[in-house]
Amino acid sequence: MNRAPGRTVMPTPRLDAERHRPLWISLFLIALDLGPRHFAFYPGGRFGYVISEMANTVTAFAYDADRGTLTEIQTISTLPPSFQGKSYTAEVQVHPSGKFVYGSNRGHDSIAIFTVDPATGKLTAAGHQATLGKNPRNFAIDPTGTYLLAENQDSDSIVVFRIDPASAASSRSASPWEFPCRSASA
């Protein structure tokens, strides 16, 4: 395997339409110091998005299904320009409509919201939703695209937000669910 200095090799998925799962057929390089963490496909598979933990960025790729290759389009920050503290990303999700991409910021304690240009796959920052807790390690969007559930690891809570399908903006739709952690010795 050929590795470029300072880069990490990531498998490129090719979709198996019959089995509805990825086939890992080739590799692409992404800067190692970015800390690539998760990958999400755009509906239909034309684009893909990698969230990078250390750099607090999302990188957009065009996907060529015939060749099984990804071509980098753009890298964009998940943090507001004014943020000065420490933060690390965790999860990336594409809204079922394909209109929006979301990424979690641990430290800024928010979900970054992006709109997607359906012709190019490029992202435009659309704002941030505070997760109302600490360290949002993971989140999920329900299959209808109506709700986003943010899991706040260090405050032991899950907060449910309703997604506005026109703007991607969200508002809390229920009181946080708390899940106190017990120590292993208890």
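Any read-out appearing in this document is the output of simple, stated calculations on the displayed coordinates, not a laboratory observation. Bear in mind the structure is a predicted one, so any value in this text is a computation, not a measurement. Methodologically, a virtual Cβ is constructed for each residue, glycine included, from the backbone with ideal geometry; neighbour enumeration extends over all protein chains shown.
Results, tabulated for the structure shown:
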| quantity | calculated |
| --- | --- |
| Linear extension gain, Tyr147 paired with Lys134, 0.36 nm per residue minus alpha-carbon span | 2.7 nm |
| FRET efficiency estimate (nearest 0.05) - Cβ-Cβ, Thr120 to Lys86, R0 45 angstrom | 0.90 |
| Hits among lysines - C-alpha to C-alpha of Lys122 under 25 Å, sequence gap 8 or more where chains match | Lys99 |
| Inter-label distance, nm, simple model (7 Å from Cα along the C-beta direction), Ala169/Asp156 | 3.4 |
| Residues Ile158, Ile163, sorted so that the one with the fewest Cβ neighbours within 10 Å comes first | Ile158, Ile163 |
| Placed amide H near Ala126: partners under 5 Å, 5+ positions off or other chain | Ile113, Phe114, Thr115 |
| Under 14 Å, Cβ to Cβ, from Leu79 - net charge with Lys/Arg +1 and Asp/Glu -1 | 0 |
| Amide H contacts under 5 Å for Asn138, placed H, 5+ residues apart | Glu151, Gln153 |
| Charge tally in the Cβ shell below 10 Å around Asp154, where Lys, Arg are +1 and Asp, Glu are -1, Asp154 excluded | +1 |
| Under-5 Å amide H pairs with His38, H placed in peptide plane, nonlocal only | Ile51 |
